[in-house]
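A.B. asks: Before I ask anything, here is the structure I am working with.
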Amino acid sequence: MQNLIDVILPVFLVVGFGYAAVWRGYFTNDFVDGLMKFTQNFAIPCLLFRAISTLDLSIGFDVRLLLSFYTGAASGFAIGMLGARHLFKRSWEESVAIGFCCLFSNSVLMGLPITERAYGVDALTGNFAIVALHSPFCYALGITVMEITRARGKSGPQLIHTVLRAMFRNALIIGIALGFIVNLTGLPVPAPLAEAADLMSRAALPAALFGMGGVLYRYKPEGDLKIIACVCAVSLIVHPIIVWTMGSALTLPTAGFRSAVLTAAMAPGINTYIFANMYGHARRVAASGVLIGTTASILTIWVWLGLLP
């Protein structure tokens, strides 16, 4: 038990420091916005670029790993969307945004540091393989379903243009795409540029965790508690159960199994609120889902770590 606490507690303490700093007025909302823009638009894209550009694709991209994780993610999206529509009688647009909350787990800000602390840096190969496809897959699915819902009758080319335009304005996806280009073409990265990217990468996770704490301070749970509870249940329990089942059935190796289940067990990421805000639907559900899910995950992650081989 002590080892599990040692893994989880430092990560959440950094988040807590950010929360407390904003709560007590030592760190303003403007500072939080600036810090999050730095991490999401610069530092984390550098981290993903360096990770993907140097990743051994033949080892990291195990089809069983990706199939296990993304079957769980897509199932969570469908469960969240259809549940919001048929159980809670939300509009289709709101239902898609709520489904996205069940789809997009916090794979970078929480998944990477917790996996690293639990199993070491070498265990992140599977995480990086998941992260490389995470934003492209989730945004492509969410945006496509939302655009079909919003603009019934839009032509195929128009829909494809809308989806691609939204995806490739995302800095994370740009960093991932550049990493793949370097990896697949073998283009050399000049040493000073590589070192600069590494410096940015080392700042990414601690700064992002601190900033995340500040962002969470803004998210006050207000109403919609039943549907927020459902979002948290799908994200923290249903998604990792599906991944565990798929990974076991496909005899996924232990390292990949750990990465897939732990990443699936993360709370909804801040991108869920960004998506909801982008379309103007279910913003309160998304914001509260991030806050309550992140808080509840302190317990659920501890349980999953105890169950994993």
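The values are calculated or read from the model by the stated rules, or taken from the named source; none is laboratory data. Values in this document were obtained by computation on a predicted structure and should not be read as measured data. Reconstructed Cβ throughout: ideal geometry from the backbone, glycine too, with neighbour counts over all protein chains shown. Only protein heavy atoms, including side chains, enter the accessible area calculation; ligands, DNA and RNA are left aside. Shrake-Rupley method; radii C 1.70, N 1.55, O 1.52, S 1.80 Å.
A.B. asks: Of (1) in contact with a Lys or Arg (Cβ under 9 Å, 6 or more places away or on another chain); (2) open to solvent by less than 40 Å² (accessible area, probe 1.4 Å); (3) over 24 Å from F257 (Cβ atoms), V11 satisfies all except one. Which?
C.D. replies: Among (1) in contact with a Lys or Arg (Cβ under 9 Å, 6 or more places away or on another chain); (2) open to solvent by less than 40 Å² (accessible area, probe 1.4 Å); (3) over 24 Å from F257 (Cβ atoms), V11 violates only (3).
A.B. asks: Which residues, taken from the stretch 92-115, are open to solvent by 10 Å² or more (accessible area, probe 1.4 Å) and touching a Lys or Arg at 6+ places or on another chain (Cβ under 8 Å)?
C.D. replies: Those that are open to solvent by 10 Å² or more (accessible area, probe 1.4 Å) and touching a Lys or Arg at 6+ places or on another chain (Cβ under 8 Å): W92, E93.
A.B. asks: Restricting to the stretch 239-295, count the residues that are in contact (Cβ under 8 Å) with a residue 60 or more places away in the chain, open to solvent by 40 Å² or more (accessible area, probe 1.4 Å) and among the small types (G, A, S).
C.D. replies: Total meeting the criteria: 1.
A.B. asks: Same structure, new question: Can you name every residue in the stretch 14-33 that is open to solvent by less than 90 Å² (accessible area, probe 1.4 Å), free of Cβ contacts under 8 Å to residues at least 24 places away in the same chain and more than 19 Å from the chain's Cα centre (by Cα)? Working first, answer last.
C.D. replies: Within the stretch 14-33, the first condition is being open to solvent by less than 90 Å² (accessible area, probe 1.4 Å), and the residues that meet it are 14-16, 18-22, 25, 27-29, 32-33.
Next cut, free of Cβ contacts under 8 Å to residues at least 24 places away in the same chain only: 25, 28, 33.
Correct list: G25, T28.
Residues checked against (1) of a type outside the set (G, A, S); (2) modelled with pLDDT of 90 or more; (3) surrounded by 13 or more Cβ atoms within 10 Å (Cβ to Cβ):
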{"position": "D122", "(1), (2), (3)": "yes, no, no"}
{"position": "A132", "(1), (2), (3)": "no, no, yes"}
{"position": "E147", "(1), (2), (3)": "yes, no, yes"}
{"position": "A166", "(1), (2), (3)": "no, no, yes"}
{"position": "T185", "(1), (2), (3)": "yes, yes, no"}
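A.B. asks: Does P309 count as more than 17 Å from the chain's Cα centre (by Cα) and either at pLDDT 90 or above or of a type in the set (K, R) (or both)? Working first, answer last.
C.D. replies: Working: more than 17 Å from the chain's Cα centre (by Cα): yes; either at pLDDT 90 or above or of a type in the set (K, R) (or both): yes.
Answer is yes for this residue.
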